[in-house]
Structures are given as structure tokens and as C-alpha cells.
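So the structure is just underneath, and the comments pick up after that.
The values are calculated or read from the model by the stated rules, or taken from the named source; none is laboratory data. Predicted model, so just to flag it, every value in this text is computed and none were measured. Every residue, glycine as well, gets a Cβ built from its backbone with ideal geometry; the counts of neighbours run over all protein chains shown. Remember, those area values only see protein heavy atoms, side chains included, never the ligands or the DNA or RNA. Shrake-Rupley method; radii C 1.70, N 1.55, O 1.52, S 1.80 Å.
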Amino acid sequence: MKLNTFKFSHNFLIVVVFLLLMDSKSFFGLWFHEIAGLTVCALFILHMVLNWTWIKVTTLKLFGKIKGKQRLNYFIDIVLLVCFACILISGMAISKIFDFSWLGFDRQNQMFYRSMHSSFSMIVLIITGIHLGLHWNWVLARFKRSKEEKTSC
């Protein structure tokens with residue numbers, strides 16, 4: 001499987017799992033929500049690893065000559081990274097399935113962590129839409145290439 005095809009499939013999986021998480025507790029239960037939440041965080045980390053070259057090059061050029069769209073995309077990626085970290089931390093703090101008490105979360109701040117978890121999840125939903133929009137030409141190119149490969153077989 002080519003790297004771009006893998007990246008596309010991986011990115012599609014992140015979006016699908018994240019959308020399932022938005023109301024999964026009522027459909028699939030808390031167990032699924034917590035497992036899928038940890039999974040989507042791991043997938044996000046893999047996404048960053050797969051795009052590490054772009055991250056490194058863009059970081060080095062950030063204060064020099066860089067296109068506005070690239071600068072915006074970099075900023076959005078940083079916001080997504082911070083938001084995913086907040087979702088993961090707050091999710092571990094309010095977890096009912098897994099015991100993360102060894103991390104020292106204050107059980108008396110459950111309402112704060114729940115609010116944090118919901119708020120950052122909504123922000124990620126919005127920012128992911130913007131991120132997807134910035135990469136829309138790449139997404140269309142993947143669909144076009146996939147269609148061409150199927151017709152040539």
C-alpha cells in the first residue's frame with residue numbers, strides 16, 4: 001500500500017472514530033467511548049509521526065518565508081495537538097472503565113474535567129473541519145487516484 005493511500009485511510013479512520021465518539025456513550029456505551037477515545041488519541045499521534053517531515057520543515061521555516069496557508073495549517077495543527085492532549089488528560093481524569101488514579105487526578109474536580117472534556121471535544125470537531133478544508137484538494141486527489149486505479153484494473 002502506498003504511503004499516501006495509507007495516510008488517507010488513516011485520516012479517514014480518525015475522522016470516523018472521532019465522529020462516533022461524539023455521542024457514542026448513548027449508542028455504544030461508556031466502554032466503547034473510552035476505548036475509542038484512547039484509540040483516536042493514538043491514531044492522532046501516528047498522524048503526527050507520519051507527517052513529521054512536514055512538521056519539522058515547517059517549524060524551521062516558521063519565522064522565515066512561509067506561505068500563509070502553511071502558517072495557518074501549522075497553527076491549526078498546534079491547536080489540535082493541545083486540544084487532543086486536554087481531551088486525553090480530562091478523559092483519563094473522568095474515566096470510569098480504567099483506573100488512572102495513579103496519575104493523581106483530584107476526584108473532587110470531576111465537573112471541571114467533564115466540562116474540559118466536552119469543551120475541547122467540540123473545539124476539535126470545529127478545528128478538524130477547518131483542517132480538512134485546508135487539505136480538501138489532497139482529499140479529492142486521493143479519491144481521484146483511487147477511482148483511476150480501480151478503472152485501470
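In this structure, Phe8 does not qualify as assigned to a helix (DSSP H, G or I), under 17 Å from Val139 (Cα atoms) and open to solvent by 60 Å² or more (accessible area, probe 1.4 Å). On the basis of being at pLDDT 85 or above and β-branched (Val, Ile, Thr), does Ile14 make the cut? When the stated conditions are applied, Ile14 does not pass them. Mind listing whichever residues of segment 57-73 are open to solvent by 40 Å² or more (accessible area, probe 1.4 Å) and either β-branched (Val, Ile, Thr) or touching a His at 6+ places or on another chain (Cβ under 8 Å) (or both)? Hits for segment 57-73 are Val57, Thr59. Is there a residue in segment 26-46 that is more than 30 Å from Asn4 (Cβ to Cβ) and in a loop (DSSP other than H, G, I, E, B)? Checked against the condition, which is being more than 30 Å from Asn4 (Cβ to Cβ) and in a loop (DSSP other than H, G, I, E, B), segment 26-46 yields at least one hit. Taking segment 80-98 only, how many residues are in contact (Cβ under 8 Å) with a residue 40 or more places away in the chain, open to solvent by 40 Å² or more (accessible area, probe 1.4 Å) and within 16 Å of Ile130 (Cα to Cα)? Number satisfying all stated conditions: 0. Which residues, taken from segment 102-146, are open to solvent by less than 70 Å² (accessible area, probe 1.4 Å) and either more than 24 Å from Ile78 (Cβ to Cβ) or outside any helix (DSSP H, G or I) (or both)? Once the filter is applied, which keeps residues that are open to solvent by less than 70 Å² (accessible area, probe 1.4 Å) and either more than 24 Å from Ile78 (Cβ to Cβ) or outside any helix (DSSP H, G or I) (or both), segment 102-146 yields Gly104, Phe105, Asp106, Asn109, Gln110, His135, Ala141, Arg142, Ser146. Name the single residue, out of those in segment 13-56 being among the polar types (S, T, N, Q) and over 12 Å from Ser121 (Cβ atoms), that is least open to solvent (accessible area, probe 1.4 Å). Applying the filter and picking the extreme gives Asn51. Please enumerate the residues belonging to segment 47-79 that are part of a loop (DSSP other than H, G, I, E, B) and over 20 Å from Phe12 (Cα atoms). Result: Leu62, Phe63, Gly64, Lys65, Ile66, Lys67.
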